[in-house]
Amino acid sequence: RQDGRWQLTLAGWPLYRFAGDRRAGDVKGQNVSGVWFAITPDGKKAGGGLASGPYDPNSGEDGTTPTRFGPLSAADRDLLVKVREAGLWAVPAGQQAQQRAQSRQVQDAGGQLAEQHLQLDADVRSVAARLRVVLPSKPNAEQQKWMDELSATSGKEYDKLFVNRLRAAHGKVFTVVAQVRASTRNSLVRAFAQRAVDIVMEHMTLLEKTGLVDGSALAQPP
């Protein structure tokens, strides 16, 4: 490879072990995201008959995987997935707020959130690629519902809904990021979690400064 490392190939295709395969016969990496496939002995993509369904990084069924950065746990993978999902809806929501929010303060907050989530998204995709963690390509069902709600609202009601949806969502992500930051044994994940903690904390503070956050609607601590 250009970085000086050796890469095993078959018929020109680069080969990798899949983190989700723990026992002989496992094929959880087959047709993941339409990108990753098992390979046949003649160097072709394995057919659909071998597929065992999409791999879920949140399932935790594959336990801890050794990496050169330290063990990678199910919680570590969950962090990367949650941050990726957060960006997939926070970026378009922030960009929308720049155009639709009535308050200039909310417009500015939306712009800052969108810009920093784009940077964080690039960061999480880079980390996930180095750790071979499969990330989602679209927001989850709950996040899509939030986006639909925002698109159907306008005026002061939009400002209030935007601030409270984003504040609640950041609170959920912050809990995951902080717990992983405190407990992960993977140095790459730990460094990423530290960066994510700083950004998510900044965003929560930014949203709270609008004066529109309904504290009674926030989740109670466990």
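The values are calculated or read from the model by the stated rules, or taken from the named source; none is laboratory data. Computed from a predicted model, the values in this text were never measured in an experiment. Backbone-built Cβ (ideal geometry, glycine too); neighbour counts: all protein chains shown. What goes into the accessible areas is simple: the full protein's heavy atoms, side chains included, and nothing from ligands, DNA or RNA. Shrake-Rupley method; radii C 1.70, N 1.55, O 1.52, S 1.80 Å.
What the table shows:
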quantity: Average projection area in nm² (convex hull over Cα atoms of region 93-165, one quarter of hull surface); calculated: 5.1
quantity: Residue-wise HN-Hα coupling along region 136-151, computed from phi with Karplus coefficients 6.51, -1.76, 1.60 (Hz; x: Gly, Pro); calculated: x, 10, 8, x, 6, 4, 5, 5, 5, 5, 4, 5, 5, 4, 5, 5
quantity: Accessible-area ranking of R130, R104, largest first, probe 1.4 Å; calculated: R104, R130
quantity: Structure-based [θ]222 nm, the chain - -39500 (n - 2.57) summed over DSSP H runs of at least 4, per residue, nearest 500; calculated: -18500 deg cm²/dmol
quantity: For the chain, built as a Gaussian network whose Cα springs stay under 10 Å, the top-fluctuating residue of V91, V176, V35; calculated: V35
quantity: Extended-chain gain in nm, criterion 0.36 nm per residue less alpha-carbon gap, A152 and Q2; calculated: 49.1 nm
quantity: Computed lengthening from A141 to A24, 0.36 nm per intervening residue step minus Cα-Cα distance; calculated: 38.7 nm
quantity: Accessible surface of K45 - all protein chains present, 1.4 Å probe, nearest 10 Å²; calculated: 130
quantity: Modelled FRET efficiency - R0 41 Å, Q179 with R68, Cβ distances, 0.05 increments; calculated: 0.95
quantity: L72 long-range amide H proximity, modeled H, under 5 Å; calculated: T65, T67
quantity: 5 angstrom amide H check on I39, placed H, neighbours 5+ away; calculated: A46
quantity: Spin-label pair R104/E202, simplified geometry with 7 Å Cα→Cβ offset, distance in nm; calculated: 2.3
quantity: Largest-first principal axis extents of the Cα set of the chain (Å); calculated: 62, 36, 35
quantity: Charge dipole (the chain, unit charges on Cβ, about Cα centre) - positive-most of V213, G4, V124; calculated: G4
quantity: Solvent-accessible area, 1.4 Å probe, carbon plus sulfur percent, for the chain; calculated: 52
quantity: Residues in region 66-108 reached by a label modelled at R132 [backbone nitrogen below 13 Å; 7 Å Cα→Cβ]; calculated: 66-69, 72
quantity: Mean accessible surface per residue for region 80-222, computed with a 1.4 Å probe while every protein chain stays in place, in Å²; calculated: 50
quantity: Percent RCO, i.e. relative contact order, over the chain, from Cα pairs under 8 Å lying at least 6 residues apart; calculated: 18
quantity: Residue with peak Gaussian network fluctuation, the chain [Cα springs, cutoff 10 Å], from D21, D78, D121; calculated: D21
quantity: Calculated from backbone phi, Karplus (6.51, -1.76, 1.60) coupling profile of region 2-18 in Hz, x at Gly/Pro; calculated: 5, 8, x, 8, 7, 10, 6, 10, 9, 6, x, 8, x, 10, 9, 7, 9
quantity: Under the Karplus curve 6.51 cos²θ - 1.76 cosθ + 1.60, θ = phi - 60°, whole-Hz ³J(HN,Hα) for region 156-172, x wherever Gly or Pro sits; calculated: 4, 5, 4, 4, 5, 5, 4, 4, 6, 5, 5, 5, 5, 5, 5, x, 5
quantity: Percentage, to the nearest whole number, of Cα pairs in region 115-222 over 19 Å apart; calculated: 53
